[in-house]
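First up is the structure itself, then whatever we jot down about it.
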Amino acid sequence: MECQNSVRTMYVIIGRDSCVSCGACWNICPEVFCQNPCDEYSELVEAYRFCGSRAEGEVPDELSSCAREAASLCPLEIITIREEP
Ligand code: SF4
């Protein structure tokens with residue numbers, strides 16, 4: 001029997017240690033990114049955190065383009081996008 005899994009999963013990783021809180025990511029894609037109220041760095045919104053991690057998460061298909069745009073706008077290029085089938 002053939003495996004028919006055509007759903008792709010998008011993983012987003014934020015290098016929070018290097019974040020300068022410029023706000024580009026959460027302004028362009030607030031569905032995925034927000035500002036942590038304590039350290040003021042970018043983090044994944046709670047709904048998409050991987051095992052509770054603020055820096056790493058799994059984003060649904062419908063938000064993949066805004067997450068990609070946020071990654072491309074980050075001046076420090078610390079948002080990494082990985083897609084796996
Ligand atoms: S765009 Fe980059 S530097 Fe700016 S807040 Fe987001 S993660 Fe931090």
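Here, each number is a calculation from the coordinates, and none is a lab measurement. Everything numeric here is computed off the predicted structure, so don't read it as measured data. Positions of Cβ are backbone-derived with ideal geometry, glycine not excepted, and every protein chain shown enters the neighbour counts.
Listing for the model above:
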read-out: ³J(HN,Hα), Karplus 6.51/-1.76/1.60, whole Hz, each residue of the stretch 18-23, x for Gly, Pro; value: 9, 5, 10, 6, 6, x
read-out: Rg(Cα)/(2.2 N^0.38 Å) for the stretch 9-84, N = residue count; value: 0.94
read-out: Cα-based helix-to-principal-axis angle, 64-73 vs the chain, degrees rounded to 10; value: 40
read-out: Amide H contacts of residue 33 (H built 1.01 Å from N, under 5 Å, at least 5 apart or other chain); value: 45
read-out: Order of 12, 59 under a 10 Å beta carbon neighbour criterion, fewest first; value: 59, 12
read-out: Cβ-placed point charges (K, R +1; D, E -1), dipole of the chain about Cα centre in debye, nearest 20; value: 100
read-out: Computed [θ] at 222 nm, helices only, for the chain once each DSSP H run of length n ≥ 4 contributes -39500 (n - 2.57); value: -4500 deg cm²/dmol
